[in-house]
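The values are calculated or read from the model by the stated rules, or taken from the named source; none is laboratory data. A quick note: this is a predicted structure, and the numbers were derived from the prediction, not measured. Note: ideal-geometry Cβ built from the backbone for every residue, glycine included; neighbour counts use all protein chains shown.
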């Protein structure tokens, strides 16, 4: 069984080094490592030069930061040229434990009727349930995280998984194509999972662990430029995969939210004014299928 890995990186050199190291020290060796560098400015390009000429690696350095969605698009496009059975998708802050592929291999043999697998994502030694979701109501587009109790079992099925440890069989990649490169960031993985779902559920292998070196999520995170892509891409995803009624319902919900923000803007709240403009632009662009990078909403 041949495994490939796609790693997308941007300006996190120290994490990238740890990520690559843990891929290379696997008890079940990896056959191919594809790294997409999204125009990092922290010495990543220079560091990756050591892998050029190594048959195990394929390194692509972009001159422009086209976003994580494009990074996974490019990585999967490159990996298609190689001999592999399954490909793992991770960012540079995803650190796989050294028996990751050994456990994946064992469970693929045990549960061969799936074409996509996932793993347990931990932040600070605690399971982050937000990475594995179930679609509980298709009409009203409601997802919920898989309950933490299910992680005590050997495995469980889920409907969507993030690109933090999604393992895809090559034949399903051929069927569903490449990720939406113009999403820039956010919801590219959920949209891709919904394509996978047309053929197979995703099986989460609970003892295969990824240590996600990020801050733990919290409910009231401040609105930033990233939320533009989240709001826009969510609507685009619903338009692509759900009914006209579902799309209408989601847009109405967004418009109600927009109206409430407008009321708050009357009182001169600057953050509300920013949030209003962001959501308005996101809804407008999604309705008109305007994808890609929005210059007003880029990392500073």
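Summary of computed values
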{"item": "Those strands (runs of 3 or more DSSP E) lying entirely in the stretch 1-78 with at least 3 residues more than 26 Å from residue 108 (Cβ to Cβ)", "result": "57-61"}
{"item": "Any hit, the stretch 246-266, residues being outside the structural domain of residue 11 (by TED's automatic domain parsing), assigned to a helix (DSSP H, G or I), at pLDDT 95 or above and within 20 Å of residue 66 (Cα to Cα)", "result": "no"}
{"item": "Checklist (1) under 30 Å from residue 230 (Cβ atoms); (2) out of contact with any strand residue (DSSP E or B) (no Cβ under 7 Å at 6 or more places or on another chain) applied to residue 72, failing item", "result": "(2)"}
{"item": "So residue 207, is it in contact (Cβ under 8 Å) with a residue 24 or more places away in the chain and within 23 Å of residue 156 (Cβ to Cβ)", "result": "yes"}
{"item": "Members of the stretch 116-173 found to be without any contact (Cβ under 8 Å) to a residue 12 or more places away in the chain and surrounded by 21 or more Cβ atoms within 10 Å (Cβ to Cβ), listed by number", "result": "none"}
{"item": "Residue within the stretch 286-299 that is without any contact (Cβ under 8 Å) to a residue 12 or more places away in the chain and in a helix (DSSP H, G or I) present", "result": "no"}
{"item": "Residues satisfying the stated conditions in the stretch 264-279, i.e. closer than 12 Å to residue 223 by Cβ and either surrounded by 14 or more Cβ atoms within 10 Å (Cβ to Cβ) or touching a residue at least 60 places away in the same chain (Cβ under 8 Å) (or both)", "result": "272, 273, 274, 275, 276, 277, 278, 279"}
{"item": "Check on residue 182, in the same structural domain as residue 152 (by TED's automatic domain parsing), under 20 Å from residue 295 (Cβ atoms) and part of a helix (DSSP H, G or I)", "result": "yes"}
{"item": "Residue 227 surrounded by 13 or more Cβ atoms within 10 Å (Cβ to Cβ) and under 24 Å from residue 6 (Cβ atoms)", "result": "no"}
{"item": "Residue 82 being more than 25 Å from residue 185 (Cα to Cα) and not in a helix (DSSP H, G or I)", "result": "yes"}
{"item": "Some residue of the stretch 161-168 being more than 15 Å from the chain's Cα centre (by Cα) and not in a loop (DSSP other than H, G, I, E, B)", "result": "no"}
{"item": "Filter result for the condition that a residue is closer than 17 Å to residue 162 by Cα, modelled with pLDDT of 95 or more and surrounded by fewer than 21 Cβ atoms within 10 Å (Cβ to Cβ), over 93, 55, 85", "result": "93"}
{"item": "When residues of the stretch 58-72 are limited to those that are within 13 Å of residue 181 (Cβ to Cβ) and free of Cβ contacts under 8 Å to residues at least 40 places away in the same chain, the one surrounded by the most Cβ atoms within 10 Å (Cβ to Cβ)", "result": "62"}
{"item": "Odd one out for residue 152 among (1) modelled with pLDDT of 95 or more; (2) touching a helix residue (DSSP H, G or I) at 6+ places or on another chain (Cβ under 9 Å)", "result": "(2)"}
